[in-house]
Amino acid sequence: MSKIQVEVRFTDKLKSIRVGGQEMEIPNAIKTKSVEEWFEPAAGRVNWDGLGAEIKAMGFSNEKNAVYSFLFIGPEDKKREFMGFVESFCLGEEAQQETQEETEQDYLHNAQNYQQAGNAEMAFQNYMVAASDYGHPEAQLKVARCYQNGVGVAKNAENAVVWYKKAAEQGNAEAQCALGECYYQAFGVEKNEKEARRWYEAAATQGNATAQYMIGRLYAELSYNEAAVKWYTKAAEQECPEAQYELGDCYSYGIGVAKDLEQAFEWYKKAAEQGNATAQCSLGYCYENGIGVEKDVIKATEWYQKSAEQGNCRAQCNLGYCYANGKSVEKNSAKAVEWYRKSAEQGYARAQCNLGYCYANGEGVEKNSAKAVEWYRKAAENGNATAQKNLGGCYEYGRGVALSKAAAAEWYRKAADQGDVDAQYKLGLFYENGYGVAQNKEEAVKWYRKSAEQGYADAQYNLAELLLWKDGEEAFKWYQKAAKQGHAGAQNGLGFCYEEPDKEMEMMEIDIYPSVGVEKDSAKAVEWYRKAAEQGLDSAQYHLGCCYEGGKGVTKDLTKAAEWYRKAAEQGLGLAQYHLGRCYEGGHGVTKDLTKAAEWYRKAAEQGLGLAQYHLGRCYEGGHGVTKDLTKAAEWYRKAAEQ
């Protein structure tokens, strides 16, 4: 004897009838009739021979000793009425409650079998029966996912939400989590973070790790950081890698919990070992910089590689940097470019900037200034300060783009506003000299100061130079800072601040030395002049020569004076050329040689130095070291006089 299940589904009217799992075709006219009329043949054009005849027409009547078991799904009063007619027409027996539960499971089991066999449409149909006719929450969840992903049915976000909600309202945690995601991502429904949080929290309290992670994220977005950490921890302890990563960040930066770099490292590691690419990158960074763990650049590169191969743009850029600089791998500029490019093409600004640098300098790729500009611009427009500064440099010098000081100033400003120390210095330089902007010394001071306060020696020196005659004490402070960093110009400036005035100048009340709030000390002046002179600064070499010639702060030594004058003169410093000419004319520290004297006077005179022009005129007038020529003497006297 075989038992054949007849399932009848009724709401406000007849919805469906299935016989042995097969859908019966029911005319719409019959669906709206009374229960009694279902069992009777229809009159007129309606093709309906009565329920009993229609069941037998489904093709099961040939089965030996077939018995029909009726399962009515609908209101209890309609069920009683229906079963009364089944009994009257001797069609079969009522299915037991256990049979209904078995039927639900049959549909789920059939759906799973169809799914495994690759028949998505039949799987969906069976899930739909279990979901709609029996209200099975797991089946409702499956139907929702089918609609969401377009598996076995056309994609339909709104329908997905409907079925997620049905399952969620029955307490299915996965559906609650998915419904929260729909509200959070505005998938099939308007974005509603309050509803998202409600459903996430419903799932989270049932222990759903994904929901716990997401509720943590929602609290973090609202800056309820302690609550976020609580939920991240619950999810992380259930091995949710995303939560483990977020918890690592919380410990790393002290967000919602006391900062603990060792704990941060441990959580990053847990997430990384589960394959979370973002955590793998962060773990690599920890190893690279010794954060929460002993520094290990080999392990850093290994984790960057794992993350990069999963497409993490930050790790790709970091791996490129390792290859560019030979950090724990053999230096390979071509591989660096390869990884920079993968990252840059994902829009990662730092990689775009680095790729621009490679093109600008021909590292790992053929040098191409236009390509460099292209990548610098992408990064600059993405807000990367270094790229903005580099793009400014391209415009300043016309590399890969038409020269434009104004455009250079614009990009330097963008970078400077982000605190880039080089760009701040450059902007100060532009304002000081009127490059691409109206000359403005106050603006120059402002930008030099910003750069100087970050320790940039060139900016400290330039700031001191601008302030020297306005605020000598502050200027002296900046000279000191730059000088301690080995800045030759600042060392020379300090020497100038310490140098004592000549007595002759004091008597003439000529003050060429600013007040800087420190006691004059010629020995210290010599000390600083020497530091700068030994770095090759011509003006410091000249000043040191003056100190040796005059015995200021050092034992008078005309030979050493001539030596330092020569070093500066050979670099083209006019004053030093003039003084070296004097040394040769008078035999001071060198063998007297009027020809050489005239030569050095000429070099200085041709640079427009009045004293040198006068002395060269004397040479021509008296025939000292040159052929006597009164006309030339007059010419040089005139040049000197006109100054």
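The values are calculated or read from the model by the stated rules, or taken from the named source; none is laboratory data. All figures in this text were calculated on a predicted structure; none of them were measured in a lab. Here Cβ is always computed from backbone atoms with ideal geometry, including for glycine, and neighbour counts include all displayed protein chains. Just the protein is used for accessible areas: all its heavy atoms, side chains included, with ligands, DNA and RNA removed. Shrake-Rupley method; radii C 1.70, N 1.55, O 1.52, S 1.80 Å.
Couple of notes before you dig in:
- A 1.4 Å probe run over the protein chains yields, for segment 415-462, 43 Å² of accessible area per residue, whole-number rounding.
- Global form of the chain, assessed from the alpha-carbon gyration tensor, a/c cut-off 1.5: prolate
- Extension gain from residue 76 to residue 37, taking 0.36 nm per residue of separation minus the Cα-Cα distance: 12.2 nm
- For the chain, a simple Cβ point-charge model (Lys and Arg +1, Asp and Glu -1, everything else neutral) yields a dipole of about 2460 debye relative to the Cα centre.
- Tilt relative to the chain, helix 193-204 - C-alpha long axis, 0 to 90 degrees, to 10: 70 degrees
- Whole-number percent relative contact order across the chain, with pairs defined as alpha carbons under 8 Å at least 6 apart: 3 percent
- Among the lysines of segment 54-211, pairs that are 8 or more positions apart or on different chains and have alpha carbons within less than 28 Å of each other number 20.
- Shown is the FRET efficiency for residue 595 and residue 521, computed with R0 = 56 Å from the Cβ-Cβ distance and rounded to the nearest 0.05: 0.90.
- Antiparallel bridges, percent of DSSP beta bridges restricted to the chain (to nearest 5): 45 percent
- Inter-site label distance for residue 185 and residue 470 at 7 Å from Cα along Cβ, in nm: 5.8 nm
- Heavy-atom accessible area for residue 369, with the other protein chains in place and a 1.4 Å probe, reaches approximately 40 Å².
- Counting only protein heavy atoms and a probe of 1.4 Å, the accessible surface of the chain is 44% carbon and sulfur.
- If you sort 73, 255 by accessible surface, 1.4 Å probe, largest first, the order is 255, 73.
- Where Rh is the Kirkwood radius over Cα pairs, Rg/Rh for segment 580-643: 0.97
- Rounded Å value of the spacing that divides the Cα centres of segment 156-228 and segment 574-588: 87 Å
- Counting only protein chain heavy atoms and rolling a 1.4 Å probe, the accessible areas of 397, 245 rank, largest first, as 397, 245.
- Calculated SAXS-style log₁₀ I(q)/I(0) at q = 0.09, 0.13, 0.15, 0.22 Å⁻¹ - segment 164-307, Debye, Cα scatterers: -0.31, -0.59, -0.74, -1.17
- Residue 341 - accessible surface, heavy atoms, 1.4 Å probe, Å² rounded to 10: 70 Å²
- Rounded tilt (10° steps) of 241-253 against the dominant C-alpha axis of the chain: 30 degrees
- Stretched out straight at 0.36 nm per residue, the stretch from residue 154 to residue 485 would grow longer than its current Cα-Cα span by 112.2 nm.
- The chain: calculated mean residue ellipticity at 222 nm from DSSP helix runs of at least 4, using -39500 (n - 2.57): -20000 deg cm²/dmol
- Folded to 0 to 90 degrees: helix 120-132 orientation relative to the chain principal axis, Cα: 70 degrees
- Dipole-positive endmost among 35, 243, 360 within the chain (Cβ charges, Cα centre): 360
- Surrounding net charge for residue 129, when Lys and Arg each add one and Asp and Glu each subtract one, Cβ distance under 12 Å: -1
- Residues residue 113 and residue 3, FRET efficiency given R0 of 25 Å [Cβ-Cβ distance, rounded to 0.05]: 0.75
- Shown are 232, 542, whose ranking by accessible area with a 1.4 Å probe and every protein chain present, most to least, is 542, 232.
- Gap separating the Cα centres of segment 526-547 and segment 407-446, nearest whole Å: 30 Å
- Prolate/oblate/rounded call for segment 339-388, Cα gyration tensor, a/c under 1.5 rounded: oblate
- Relative to one another, the C-alpha centroids of segment 337-371 and segment 12-71 are positioned 72 Å apart.
- Mean Cα-pair separation over length for segment 112-151, i.e. relative contact order, pairs under 8 Å, 6 or more apart, %: 31 percent
- Label-to-label distance, nm, for residues given as residue 289 and residue 29 (7 Å Cα→Cβ offset): 8.0 nm
- Separation in nanometres of the label points that stand 7 Å from Cα toward Cβ, at residue 403 and residue 632: 3.6 nm
- For the chain, the residue among 423, 307, 518 whose Cα projects farthest onto the positive side of the dipole built from Cβ charges is 518.
- Mean projected area of the Cα convex hull of segment 279-404, taken over all directions, amounts to 7.3 nm².
- Between residue 441 and residue 45, the contour length at 0.36 nm per residue exceeds the alpha carbon distance by 132.6 nm.
- For the residue pairs 270/299; 531/552; 481/567, the alpha carbons lie more than 21 Å apart in 481/567.
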